1. How do the strands (runs of 3 or more DSSP E) wholly within the stretch 1-81 filter down when requiring 3 or more residues that are among the hydrophobic types (A, V, I, L, M, F, W, C) and either touching a helix residue (DSSP H, G or I) at 6+ places or on another chain (Cβ under 9 Å) or free of Cβ contacts under 8 Å to residues at least 12 places away in the same chain (or both): which remain?
2. When both residues are 6+ apart or on different chains and their Cβ atoms are under 7 Å apart, which pairs have a first residue that lies in the stretch 120-132 and is in contact (Cβ under 8 Å) with a residue 40 or more places away in the chain, and a second that is among the aromatic types (Phe, Trp, Tyr)?
3. Let me spell it out: the conditions are (1) buried (at least 20 other Cβ atoms within 10 Å of the Cβ); (2) in contact with a strand residue (DSSP E or B) (Cβ under 8 Å, 6 or more places away or on another chain); (3) not in a loop (DSSP other than H, G, I, E, B), and residue 361 meets all of them except one. Which number is the exception?
4. For the subset of the stretch 281-311 comprising residues that are hydroxyl-bearing (Ser, Thr, Tyr) and under 23 Å from the mean Cα position of the chain (by Cα), which member is nearest to residue 204 (Cα to Cα)?
5. Would you mind finding the one in 126, 130, 84 that is buried (at least 24 other Cβ atoms within 10 Å of the Cβ) and in the same structural domain as residue 255 (by TED's automatic domain parsing)?
6. Filter the stretch 88-109 for residues that are crowded, with 24+ Cβ neighbours inside 10 Å and aromatic (Phe, Trp, Tyr) and give the result.
7. Residue check: is residue 120 at pLDDT 90 or above, more than 30 Å from residue 20 (Cα to Cα), crowded, with 19+ Cβ neighbours inside 10 Å and not hydroxyl-bearing (Ser, Thr, Tyr)?
8. Tell me yes or no: at least one residue of the stretch 291-307 is of a type in the set (Val, Ile, Thr) and within 18 Å of residue 363 (Cα to Cα).
Amino acid sequence: MKYTKIKCGKLYDGVHDQLFDNMEILVEGRVIKEIGKTVASPEGTEVIDLSDMTVTPGMIDAHVHTPFFDWHDVYLDTIYNSDGYRALAAYHCAERSLHAGFTTIRSIGWFKESYELDVKRAINEGYLPGARMVVAPHLLGTTGSHGDLTQSVRSNPDLMDWMEHVQYKGTGDGPEFFRAAVRRDKKIGADFIKIMATGGYATPNDDPEDIQMSDSELQAIFDTAKEVHIPVTAHVYGPALMQKLVNFGIDGMEHGSMMDKETAAMIEAAGTYLVPTFCPYQDCIENDEETMLKKAKPFHDKLHFYQDRMIEGRRIILESKIKLGYGTDFVTIHNNYESGWEYAAWVRSMKMYFNDVDPFRILKAATKTNAEICGVDKITGTLEVGKCADISGWKRDIYDENFLRSCGFVMKEGMLYKAEDQTETIGGRI
């Protein structure tokens, strides 16, 4: 059996809201054997000195869209990319995420078929090194909704209709369609169901407050998901739909950017999680017109229209006791493997609203809470004896907004991988 001893400068274990000084971790094969001030050193133990780093559980990004190499290509996907190309892009995302210290990613669905499940399988079977993947293979949405990417060819209705009904298995209408879609996703290996229940910012002909599924369609989804024992999350922005989804018994929600106090209280009481994806809207929160102008015109215009509500909504989210996860949703400005930028958005938002930063709230979101959201909390998310040795080391201080971009060490299930410090290799701005 192979043993590895890691000497930590500072240790965050995902359980306690504090850093421990000068701790050691003994790894036996794939799992954590011992944690303490001084751990055993079986014969042949390899010693790794990370006394100049802060050591944490492997981080988790709970909202990743994997099937593109570069964010500039996202809206070319409908026409130009094959499933093979998307699979290669998904693997590229998983590999780069691992090197950046994110040992698990939650692939939140896309518009085409289940290539991400093949990437997940290849990684799990040990053929390819990459972050562990938790996958929703489709975005389930109605015709013309934010989940209908055929909007990008709407000027050619014949092509649009063919693509919707032949290529896009998650787009359709009516209770029977969605009942079958949930069953099909479960059959092909989905870990959870993602529904596009509301409009969005980037799509041209809808609105972030639209409710794009009928009650009968929603009822079919939730009844079927309960029958086949699979969790459901939803793309949602406005309070009216968030409240409706809480009443349907949804497990969690993504974004929630226009939160109000009444809705936050409902979500808290229900125990529903929220992955708020702050970074894609940080330019709106900070009124950064230069960055907003890099986005498509509908996206830019809607951000301005809803700016005041989004600013207040973020305050309400951060003031709440909602179970918050950590997710990026990068389809613009940053690439999908640059997960550390979300940490900067949390830090800057906390400073803006409260003139104070609680880094442990962010770290817990990206470790223990995300592991629970992803359903992998029995094996990862915290540094505890018996769990997988998913361990990352970071060069910067936890109060530095670039902390989760400064990876200097990566171990996944006891195996060492090259670490990538994105503050050195990747420039840019939030």
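The values are calculated or read from the model by the stated rules, or taken from the named source; none is laboratory data. From a predicted model like this one, the values you see are computed outputs, not experimental measurements. Neighbour counts run over all protein chains shown; Cβ positions are idealised from the backbone, glycine included.
1. 59-64
2. Pairs that qualify, where the first residue is in contact (Cβ under 8 Å) with a residue 40 or more places away in the chain and the partner is among the aromatic types (Phe, Trp, Tyr), are 129/417; 131/102.
3. The one condition residue 361 does not meet is (1).
4. Here the answer is 281.
5. Answer to the check: 130.
6. Within the stretch 88-109, just 102 meets the criteria.
7. So residue 120 passes the test.
8. There is no residue in the stretch 291-307 that is of a type in the set (Val, Ile, Thr) and within 18 Å of residue 363 (Cα to Cα).
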